[in-house]
Each structure stands twice: as C-alpha cells, then as structure tokens.
C-alpha cells in the first residue's frame, strides 16, 4: 500500500490505504515492486520512519514467544518541511517462506487491516489521512517453529496538495527472532483438538474440561465469548478470518486462526 498506497495514500484513490483502495502493497517487502518513495520523493518535505516491537508491558524486545501478543508502532518524523497528514503500510512475513507470519489484531483508530489478492498478504495501513504521525496495532505471533519474522513498513508525509508532488516518504524493516526457549511449557497450554477449519456453522472442540473462549474478528472486535466444552456456534458470522482464544483453568491462553466460510 504504502508506496502507492501512501503515494496516493493521502490523495485521490489511495487515501484510505494502498491495499484497501488499490489492492496492492508498497512496503518494500519481497515480491512488491515499489515503496512509497517511488512516488513521494520531494526534497522539500523529508520524513523518517521507525518500527518499534514491544511486549504487552511496553518493553522493546528482539525475540517473540510463539502465540503471544505484541505491539507494533510505526512512527514518522519530519526532517525538512512539516506534513499536514501521514499514511503508512506494514506487513509481517516469515523469512523462510515469505508468507504472512502471525496476525494483526486490535488496530488503533487511525489504522485499518486490509489484504491484497495481488501480493497475497495482509496489511496494517492508514485509515484515511492521519493527523497523527504514530500508528499502532497489536500482533499475534505465529506458532512455534516458524522462525524469524521480518516487518516491512513504508510511510508518507503529505502536503495534501491533491497529488504526490511535494510529499516525502520513507521505509524501514526489522527482523524479530523466534525465542529458542519459552517460559511456557507445552503442558501448561490449553490442550484440545478443534475441527473443522475452515468452518461453516459449528466449530467442534474435544476437550476434557470446560474452557473459556473469546472469539475475535481479525480487526480486534470481540464477537462472542463464553465457556465451551464441545462446540462453538459460528452460524450467522460473515466469511473471513477470526481469532480464537482458549483458556482452561490453570492453563496459559492459546490462540488459533479460524477461517469461516
């Protein structure tokens, strides 16, 4: 999105985000053809972009624990000139396969989650021209054994002139390693089997004791919650990706990606 997204990000067809408006990605990730700087490269307005990866306590970390929640913060600063608005786009990829790694979750008010059928990736990106230069979203780490994950982000500082002329852009990337050891033993996690996935109407679980569940839309909205012993009703929910958190008494919460057909 960003290159073009942010390119056009703050103007015309891409003002709502590159993936959302143009079905494209411009973060500088492998397989993408451009970044925001491709179109926004004015010397009159120059910006920098940084990515911060923090745990739930706000501590910046360089490794992730599988199936755990972290926060990504993209911040833009102006070096020359003062932008009127900002835009960005970010993607998280498995270094080994270049596929999406983990899931975006609970984006801030100025951030939307969108996907591109061209790149086959899911993005966090601006939701309209943002007066704030800071964009945050939570991220659920992928399962154990995924390996290193790289976050690619690009952003634009725009003058809202109606074109990309006079805008500035920047991009960055950070690689986060999977923790070699975890503080949570496998035995302490919620032990269960669930099926089918993809699901149409009913998600069945085989479990030995009641388990609290929380079903979220991928945008972070809590859809349903309760206690489950054998099944969760998915009837009536729109098709798409959902996040399921399960926590039995005395266990560590476990996260699962559910595809609703």
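Where a number appears in this text, it was derived from the coordinates with a stated rule and is not lab data. No experiment lies behind these values; they were computed from the predicted model shown. So basically every Cβ, Gly included, is an ideal-geometry build from the backbone, and we count neighbours across all protein chains shown.
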Extent of region 64-115 along each principal axis, from alpha carbon coordinates, in Å, largest to smallest?
40, 24, 23
Protection-proxy order for peptides 57-66, 85-94, 23-32, 141-150, each taking the mean of Cβ atoms within 10 Å per residue, highest first
85-94, 23-32, 141-150, 57-66
Dimensionless Rg ratio for region 200-248, taking C-alpha atoms and the 2.2 N^0.38 Å reference:
1.10
Looking at the square roots a ≥ b ≥ c of the eigenvalues of the Cα gyration tensor of region 23-135, which shape do they give, rounded for a/c under 1.5, prolate if a/b is larger than b/c, or oblate?
oblate
Stretch residue 223-residue 132 to full length: gain in nm at 0.36 nm per residue minus the Cα-Cα span?
29.9 nm
Once residue 55 and residue 261 are pulled to full extension, the length gained, defined as 0.36 nm per residue separation minus their Cα-Cα distance, is 70.9 nm
